[in-house]
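Report on one structure; see the data block that follows.
No lab work stands behind these numbers, since they all come straight from the coordinates. Worth saying up front: this structure is predicted, and the values here are computed from it rather than measured. Please note: Cβ atoms are built from the backbone with ideal geometry, for glycine as well, and neighbour counts cover all protein chains shown.
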Amino acid sequence: MLLGGVLGGVLITAKDFVLSHNILLPIWKDLIAKGLVNAPQVWYRPIFLLEGLLEGLLLAWLYVLARPRLGPGPKTAIITGLTGGLLVRGVATVDQLLWAPYPPVMPLYTLEVGVFTAVAVSMLAGWIYKEE
C-alpha cells in the first residue's frame with residue numbers, strides 16, 4: 001500500500017505541476033498581477049509535495065479498504081478513485097467557486113483533472129498492491 005501511495009503521490013504532484021505551470025499559468029500570472037492572489041513563496045513547494053503524497057496515500061488506503069468488499073481489480077479502483085477524488089477535489093472546488101477570485105474555469109478544470117488523476121492513482125495502487 002505504501003509503495004502505491006508514494007507513487008500515486010508522485011503522479012499527483014507531477015499532474016499539479018503541469019496543470020499549474022503550463023495550462024493555468026497565464027491565469028495565475030493575471031491574478032497575481034491584479035493582487036487577487038499572493039505570488040507563490042518558496043515554502044509552498046514542500047507543502048504541495050506533502051499534499052500530493054498524502055492524497056496518494058489516502059487513495060491507496062481507500063483501495064485497500066474497499067478491496068475485501070468489492071474485490072480486486074479496476075472496478076474497485078474506479079470506485080475508490082472517484083470517491084477519493086470527489087471528496088478531496090470536490091469540496092475544494094465548491095469552496096473556490098463560492099469565494100475565490102478565480103475564473104470558474106480554474107476550479108472546474110482542477111476538479112476534472114484531479115478526479116481523473118485520482119482514478120489513475122487508485123488503478124496504480126490496485127495494480128501494485130498485493131495481499132499478504
- Message: Can you go through VAL115, VAL94, VAL121 and tell me which one is under 16 Å from THR13 (Cβ atoms) and either in a loop (DSSP other than H, G, I, E, B) or within 18 Å of the chain's Cα centre (by Cα) (or both)?
- Response: VAL121
- Take the stretch 11-47 and flag every residue that is buried (at least 16 other Cβ atoms within 10 Å of the Cβ), under 29 Å from MET123 (Cβ atoms) and not charged (D, E, K, R). LEU11, ILE12, THR13, LEU19, SER20, LEU24
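When you scan the stretch 34-41, do you find a residue that is assigned to a helix (DSSP H, G or I) and in contact (Cβ under 8 Å) with a residue 24 or more places away in the chain, even just one?
In the first step, residues of the stretch 34-41 are kept if they are assigned to a helix (DSSP H, G or I); the result is none.
Checked against the condition, which is being assigned to a helix (DSSP H, G or I) and in contact (Cβ under 8 Å) with a residue 24 or more places away in the chain, the stretch 34-41 yields no hits at all.
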- Considering only the stretch 73-91, state which residues are out of contact with any Ser or Thr (no Cβ under 8 Å at 6 or more places or on another chain), free of Cβ contacts under 8 Å to residues at least 40 places away in the same chain and more than 15 Å from TRP61 (Cβ to Cβ). LYS75, LEU82, LEU86, GLY90, VAL91
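Take LEU58 and decide whether it is within 19 Å of the chain's Cα centre (by Cα), within 20 Å of VAL113 (Cβ to Cβ) and either of a type in the set (A, V, I, L, M) or in a helix (DSSP H, G or I) (or both). Quick ask: steps written out before the conclusion?
Values: within 19 Å of the chain's Cα centre (by Cα): yes; within 20 Å of VAL113 (Cβ to Cβ): yes; either of a type in the set (A, V, I, L, M) or in a helix (DSSP H, G or I) (or both): yes.
Yes.
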- Task: Would you confirm whether any residue within the stretch 62-77 is of a type in the set (Phe, Trp, Tyr), out of contact with any His (no Cβ under 8 Å at 6 or more places or on another chain) and under 17 Å from LYS130 (Cα atoms)?
- Result: yes
